[in-house]
1. With a 1.4 Å probe and every protein chain kept in, tell me what percent of the accessible surface of the chain is carbon plus sulfur.
2. Rg and Dmax of region 1-115 over Cα atoms: what are they, in angstrom?
3. Please give every one of the lysines within straight-line cross-link reach of residue 165, meaning a C-alpha to C-alpha distance under 25 Å, and leave out same-chain neighbours fewer than 8 residues apart.
4. Have a look at 82, 58, 179 and report the one farthest towards the positive end of the charge dipole of the chain, computed about the Cα centre with Cβ charges (Lys/Arg +1, Asp/Glu -1).
5. So who's got an amide H within less than 5 Å of the one on residue 69, skipping anything under 5 residues away but keeping other chains? H placed 1.01 Å off N, in plane.
6. Give me a comma-separated list of calculated 3J(HN,Hα) values for region 4-17, in order, Karplus coefficients 6.51, -1.76, 1.60 applied at θ = phi - 60°, integers in Hz, x for any Gly or Pro.
7. Let me check I've understood the local charge: for residue 170, count other residues with C-beta under 13 angstrom from its C-beta, Lys and Arg +1, Asp and Glu -1. What total comes out?
8. Helix 53-66 versus the longest principal axis of the chain: what angle, 0 to 90°, nearest 10, using Cα atoms?
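The values are calculated or read from the model by the stated rules, or taken from the named source; none is laboratory data. Predicted model, so just to flag it, every value in this text is computed and none were measured. Every residue, glycine as well, gets a Cβ built from its backbone with ideal geometry; the counts of neighbours run over all protein chains shown. Please note that ligands, DNA and RNA were not included when accessible areas were found on the heavy atoms of the full protein model with its side chains. Shrake-Rupley method; radii C 1.70, N 1.55, O 1.52, S 1.80 Å.
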Amino acid sequence: FGKELRRFAASPNYMLNCGLGILMLPVAGIVLLIKGGALGRMLADVFSGNVGVVPVLMCAAVCLLASMNDMAAPAVSLEGRNLWLVQSLPVVPLRAKLDVQLVLTGVPVLFCALCMVIALPGSALEKTLLVIVALLYTLLSALAALALGLKMPNLTWTNETTPIKQSGCVMLSLFANWFYALALGGLYFLCGNALSAAAYLAIFAVVTAAGSALLLHWVKQRGTRIFAAL
């Protein structure tokens, strides 16, 4: 884990292209603490007094900002020709690669989500589910990034910019995470009349948790074998 953190911190390209959410999430949280009340009232007015739309849209916004972090996607490729060194260690290196994204994304996501809880309107249940969905999304996006990195590795690069900026797994991870976050916000307008905001967020929490469980099982089983065979 320390090795993965040092690699991330030592590469400006890696930090800028795969970790911008680390900066944007706290900034968004602080802005919400200052302007959150006015923003909540504006959104409620725009959507005809539907206060329930506020926690849903804000949860989607947190997820969009979190999707800017995808450091697990190029993590396998960045081993390059030295991959055999990591494979020979008596540890599970995939866990460290996953944990880097979870820690560096989860802490800012939690801060931003708590700022929303403080500043924006909504019931206690809606606000609790907002935080839960945002954290589950962080887990799902990290697992998806790692899985794509295992399925689409590039170990023959000569410049680290290649796996970071020009890798198919990085682009696919970014767009998939965007799509999921946008779906979280957009689908509410299709079923918002039939479901309360709390029920809608609860359904998304269950779906996200189930997707995370499936991906975690895949990484532990199939993913570990793929990594060992690279």
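1. Carbon-and-sulfur percentage of accessible area, whole number: 71.
2. Just the Cα atoms of region 1-115 yield Rg and Dmax of 18.2, 60 Å.
3. Cross-link targets: 3, 97, 151.
4. The residue sitting farthest along the positive end of the dipole is 82.
5. Counting only residues 5 or more places away or on other chains, the set is 21.
6. 5, 5, 5, 4, 5, 5, 8, 10, x, 4, 4, 5, 5, 8
7. Cβ neighbours under 13 Å give a net charge of 0.
8. Orientation of helix 53-66: about 20 degrees from the principal axis.
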